[in-house]
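Notes follow once the structure below has been shown.
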Amino acid sequence: MSSSSPPRLPSPPPTATSDALEVQGLSVTYGRSLTALHDVSLHVPAGGVVTMLGSNGAGKTTLLRAVSGTLPLHSGTVSDGLVSFGGVRLTGRPAADVVAAGVVQVPEGRHVFAGLSVADNLRAGRLGVPGRGREVARRATAEVYDLFPVLAERREQAAGLLSGGEQQMLAIGRALMARPRILLLDEPSLGLAPLVVARIAEVIRHINALGTGILLVEQNAALALQLADHAYVLDVGRIRLQGPAEELSRSDEVRRLYLGERPESGGEPTLDDAEAAPVASLRRWSR
Ligand code: ATP
């Protein structure tokens, strides 16, 4: 990213106190046999920031797919439970209806359209969104460029030429084009250098300060716990822990398994230490 000044704030979107996301007793299967989520419940209050932590394969992405209605694209099915936003049931609704309800996902790995220009990638973010008038699109685009000046500078360039951090900005900007009431972020820090991760964190804070709720899936637990009000820990498809982010970041289990810290007493490695393996990769990413 070229600019070091903090992003400027676009005008706040309207927020409703009913903009809460509810997941109740959700179970998800892939194919005929693999149950990736078992009886998962979580709550994201209107305008809140909630994080879902967990190691590789815990089911974090599956949870976001179930919320965003994209599970069928991955041969997944909700076998039990429900998802609702602002009191409106989303379970079983097509992905376009979920976006129209104000729930927008930024997928892991960014997935920008590499051959299209930055401007066309942003335009794609409005496809299927209600209120497609030119003025709404123009305003949304101006707000994204205001938030990410680097995208404005490079609007005519192919998205594939952007750096990893800029592509992450574009993926977030594209999601903002749909004017979400809640943003589902899947590993936004993945593979990015520390300075870029810090900038992404700043952007997430700004977006939330404007009233947009955030459900953040991260393996970078240190980052996620700094950003979130409330955290859940997913372990092999089940919620293992939950609580205020500040409290969780002080819990021995989270410190040992997800923040890569050793118990103060030290001592011999235990069998449980084997579970801490993903933390090693986490530390590599955040270097
Ligand atoms: P990571 O951090 O590695 O992305 P995750 O916590 O997001 O992991 P998921 O990607 O949700 O975990 O995977 C949960 C489980 O579901 C894993 O066992 C995974 O192999 C399986 N899984 C995910 N997608 C599919 C799919 N399309 N078909 C079959 N199994 C899948």
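Just so it is clear, none of the values below were taken in a lab; they were calculated from the coordinates. Since this is a predicted model, take the numbers as computed values, not measurements. Ideal geometry is used to build each Cβ from the backbone, glycine not excepted, and the neighbour counts take in all protein chains shown.
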Counting Lys +1, Arg +1, Asp -1, Glu -1, what net charge surrounds LEU190 among other residues with beta carbon under 10 Å of its beta carbon? -3
Viscosity 1.002 mPa s, temperature 20 °C, Stokes-Einstein D of the range 111-178 from Kirkwood C-alpha radius, µm²/s: 185 µm²/s
Compute the length gained on full extension between TYR30 and ALA100: take 0.36 nm times their separation in residues and subtract their Cα-Cα distance, giving the result in nm to one decimal. 22.6 nm
Which FRET efficiency value, to the nearest 0.05, is calculated for PHE113 and LEU82 with the Förster distance at 51 angstrom and r the Cβ-Cβ distance? 0.95
In the neighborhood of ARG65, defined by Cβ-to-Cβ distances under 14 Å, what is the net charge if each Lys or Arg adds +1 and each Asp or Glu adds -1? -1
Built amide H within the under 5 Å cut-off of SER117, gap 5+: ALA159
For a quick check: with amide H placed at 1.01 Å from N, whose amide H comes under 5 Å from VAL106's, ignoring anything fewer than 5 positions away on the same chain? LEU184, LEU185, ASP186
Express the relative contact order of the range 22-161 as a whole percentage, based on alpha carbon pairs under 8 Å and six or more residues apart in sequence. 21 percent
Quick calc: nm separation of the 7 Å Cα→Cβ label points for ASP39 and HIS74 -> 2.3 nm
Would you mind getting me the FRET efficiency between ARG250 and ARG134? Use the beta-carbon distance for r and R0 = 41 Å, nearest 0.05. 0.20
Around TYR232, with a cut-off of 14 angstrom between Cβ atoms, what is the net charge of the other residues, counting Lys and Arg +1 and Asp and Glu -1? -4
Could you work out the relative contact order of the range 61-124? I mean the mean sequence separation of Cα pairs under 8 Å and 6+ apart, divided by the number of residues, in percent. 29 percent
